[in-house]
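Each remark here refers to the structure printed beneath this line.
None of the figures in this text is laboratory data; all of them are computed from the coordinates on show. Note that this is a predicted model, so its numbers are computed, not measured. Using ideal geometry, Cβ is built from the backbone for each residue, glycine included, and neighbour counts are taken over all protein chains shown.
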């Protein structure tokens, strides 16, 4: 019957009626951008997470406003209610997931997920294995239908599945084989590489400089191939005779064996 949206600039939560489209209420209390919202499936509670390092519970139907504040040490990025409404999962910027009892605002446990998100490191990477997981955090949380499992995804190529009771990782699904963190495979553009080095790193940033570098690189490659006796012309073109090559017939073949 209602729909809610959090604001990044005013730090408020807006509530609208789905039937009439009318703004019903505005909830204020967060001191930073509101990043996530979730309704309880079993009660009139709304939970919100924010960059102000807090999770707040609201009673939107009874009009009592904010009921509890759950403090965290880092920015809150994602929230999820367990299907029975008896637990809230909150993901924070440091890669952890906190499990709360919404009825008495007590912390039930913590899942350390930052290392689970690390997908290894590229050979030659300047980062060591100790800090390869730095900057990792979950952006999406979801419980299984029975509430026994928690799925988490974010700044990683994997989706992690956790056992809620044991607070342990059960399985990790890899969604891509790319080593890049943004899902893009980086390849070297050989057309931009010359004997002097990559064109993008050479002095001069104009298009004419780039074109001149490409032309010179092509000339050098052609000269090297010619020195090695490699034919670099178009398919079907005749090869020129090299001075002193062969016997008396011109071309490549010439005389033959005596």
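Could you tell me which residue of the stretch 100-113 is farthest from the chain's Cα centre (by Cα), considering only residues that are surrounded by fewer than 18 Cβ atoms within 10 Å (Cβ to Cβ) and part of a strand (DSSP E or B)? Lay out the reasoning, then the answer.
Taking the stretch 100-113 first, the residues surrounded by fewer than 18 Cβ atoms within 10 Å (Cβ to Cβ) are 101, 103-110, 112.
Pick out the ones that are also part of a strand (DSSP E or B) and you get 101, 106-110, 112.
Numbers: 101: 30, 106: 32, 107: 29, 108: 29, 109: 27, 110: 23, 112: 19 Å.
That would be 106.
For the stretch 48-95, which strands (runs of 3 or more DSSP E) that fit wholly inside it have 3 or more residues that are within 16 Å of residue 114 (Cα to Cα) and within 24 Å of the chain's Cα centre (by Cα)?
Result: 76-81, 88-92.
Conditions: (1) touching a residue at least 40 places away in the same chain (Cβ under 8 Å); (2) surrounded by fewer than 14 Cβ atoms within 10 Å (Cβ to Cβ); (3) not in a loop (DSSP other than H, G, I, E, B). Residue 35 meets all but one. Number of the miss?
That leaves (2) as the condition not met.
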